Amino acid sequence: MNFPSNDTIVALATAQGPGAISVIRLSGPEAISLTNKVFRGKDLEKQASHTLHFGTIREGERLIDEVLVSLFVAPHSYTKENVVEISCHGSEYIVAEIIKLFLREGARLAEAGEFTKRAFLNGQMDLAQAEAVADLISSNSRMSHEVAMKQMRGGFSQEIKNLRAQLVHFASMIELELDFAEEDVEFADRSALRKLIAEIQKLLRHLLQSFELGNVLKNGVPTVIVGKPNAGKSTLLNVLLNEEKAIVSDIPGTTRDFIEDEVSIEGIRFRFIDTAGLRETEDKVEALGVERTRQKVEEAALVIYLFDINSTTPQELQQEITDLKTSGKPVILVANKIDADQNQLQQFDQLENLVGISASQKLHIPELKNAIVSQVKTANLQDRSQTIVTNLRHVASLEKTYAALDDVLHGLDLGISSELVASDIRRALHALGEITGEITTDDLLENIFSKFCIGK
Ligand code: GDP
């Protein structure tokens, strides 16, 4: 791709399908002049940036739609190019007609993520920020939204840039020594360098450790509910899901699909997986179910074991949960149906992590939610200033940086030549630069932006 780009791209920026309004976006040198050709209203090329204009889109004399056109004159736009956003009526037919019109006039259909890619290539944002745009669009809970927003606004990038700046300083001092090789001088203070590397590695460790949480925040905490048939699993899931669903699905006429088993509790997304019990069984069909349960438990980050308190003795329960305990996953024991006889709960007093509820009567659901959330809330979450890494690509680069810094330290121990030390530092710089996009390849960009939708 050539930059600055000499072609103008067009795509639907809002979701596919009918809606009240759809927005078609154009970016590139001809964005405004092309729109002007099909727009009846004011002369758009004479209007100021950040203005809004009512008019019609016409193909020849045929009226396609009444629209509102937003103008963003380069470089004051998302892509830093001329950008036009056309709000039209949300009909798939109208959208297709308008886009076809622009293609005939010489615009090109945008590739996936191309608007954001242009924003990155034109220096509007760095790579980590561009990736956060995608995360922000797909965020579905308070925490995943918060982390993506922080990254998009450059919080993470700034941290990486600070680390890089410190390392660049040392790399340049050491490279200076190379120019004076004969004189055998040391411009870079080796003990200060060691200290800096130790500090950077500590920070890298924090960032790497945050990924476990970051991943969970972004993708939801896989939580498996294990329990015998009739323990009340479906009833409990419904109770957990209901509060949220009430907000979105009671709106008449909504056609959205709901992911039935995802629920946000205190801003954290949980993905609930409902399973059969874990008991050994002779029955073949049931045995298959047991095997599947084991697998689900293996994949989960948290296990809820639900049992009917009226038909389970403490001994039976112990047996049931022995297997779960060997999985090493955190297990919350939930005694259901305590509405029948609250005293029953006393028999289970000695068990840790036990919550008594009634799913059907909605008793003690807040306590259960607290118990669930407390399994995820780590120091990282309490401290909102801590950066949380959510992206596997960043993890790989941070790990490479860490390993290169290990080599620097090792080299210093062995007293190797400045040249080799400098080369290890450059490797660390290179790996850090991959995160924010100071260092990129076409393949890397292709890989990142192809995962975006068209129109982003
Ligand atoms: P699952 O097979 O584990 O999914 O269990 P269900 O959620 O289908 O519940 C089995 C039966 O137990 C249903 O008849 C529910 O109405 C009933 N049930 C669920 N929770 C409670 C509860 O808290 N108290 C009482 N008394 N009955 C419950």
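The values are calculated or read from the model by the stated rules, or taken from the named source; none is laboratory data. Keep in mind that what you see is a predicted model, and the values were worked out from it rather than measured. In this analysis, Cβ positions are derived from the backbone assuming ideal geometry, glycine residues included, and neighbour counts consider all displayed protein chains. The area values use the complete protein model at the heavy-atom level, side chains included, leaving out ligands, DNA and RNA. Shrake-Rupley method; radii C 1.70, N 1.55, O 1.52, S 1.80 Å.
Looking at Ala171, Ala130, Ala110, just one residue is under 29 Å from Arg271 (Cβ atoms) and in contact (Cβ under 8 Å) with a residue 40 or more places away in the chain, and that residue is Ala130. Counted as qualifying within the stretch 339-449 are the helices (runs of 4 or more DSSP H) with 2 or more residues that are open to solvent by 20 Å² or more (accessible area, probe 1.4 Å) and within 26 Å of Leu136 (Cα to Cα), namely 365-374, 379-382, 392-414, 442-449.
The residue list Ala379, Ala396 contains one member that is at pLDDT below 85 and of a type in the set (Gly, Ala, Ser), which is Ala379.
Does Ala112 count as of a type outside the set (D, E, K, R), in contact with a Gly (Cβ under 9 Å, 6 or more places away or on another chain), more than 25 Å from Leu44 (Cβ to Cβ) and surrounded by fewer than 20 Cβ atoms within 10 Å (Cβ to Cβ)? Write out each step before concluding.
On the way: of a type outside the set (D, E, K, R): yes; in contact with a Gly (Cβ under 9 Å, 6 or more places away or on another chain): yes; more than 25 Å from Leu44 (Cβ to Cβ): yes; surrounded by fewer than 20 Cβ atoms within 10 Å (Cβ to Cβ): yes.
So Ala112 fits the description; yes.
Every condition in (1) closer than 15 Å to Ile99 by Cα; (2) out of contact with any strand residue (DSSP E or B) (no Cβ under 9 Å at 6 or more places or on another chain) is met by Asp65 except one, and the failing one is (2).
Filtered by the rule that a residue be within 16 Å of the ligand (Cβ to nearest atom) and surrounded by 21 or more Cβ atoms within 10 Å (Cβ to Cβ), the stretch 196-233 gives Thr223, Val224, Ile225, Val226, Gly227, Ala231, Gly232, Lys233.
How many residues does the stretch 65-96 contain that are open to solvent by less than 20 Å² (accessible area, probe 1.4 Å), among the charged types (D, E, K, R) and without any contact (Cβ under 8 Å) to a residue 60 or more places away in the chain? Looking only at that region, the number is 1.
Residue pairs whose Cβ atoms lie under 6 Å apart, separated by 6 or more positions or on different chains, with the first residue in the stretch 325-354 and over 17 Å from Ile304 (Cβ atoms) and the second within 15 Å of the ligand (Cβ to nearest atom) and of a type in the set (Ser, Thr, Tyr), are Asp339/Ser358.
Specify which of the listed residues (Arg58, Arg118) is of a type in the set (D, E, K, R), surrounded by fewer than 18 Cβ atoms within 10 Å (Cβ to Cβ) and either closer than 30 Å to Thr441 by Cα or free of Cβ contacts under 8 Å to residues at least 24 places away in the same chain (or both). So that I can check it myself, show each step before the final result.
Values: Arg118 fails: surrounded by fewer than 18 Cβ atoms within 10 Å (Cβ to Cβ).
Residue meeting the stated conditions: Arg58.
When each of Arg279, Arg292 is tested for being open to solvent by 100 Å² or more (accessible area, probe 1.4 Å), modelled with pLDDT under 55 and within 16 Å of the ligand (Cβ to nearest atom), the lone residue that passes is Arg279. Looking for something at positive phi and within 15 Å of the ligand (Cβ to nearest atom) - is there at least one such residue anywhere in the stretch 302-324? There is no residue in the stretch 302-324 that is at positive phi and within 15 Å of the ligand (Cβ to nearest atom).
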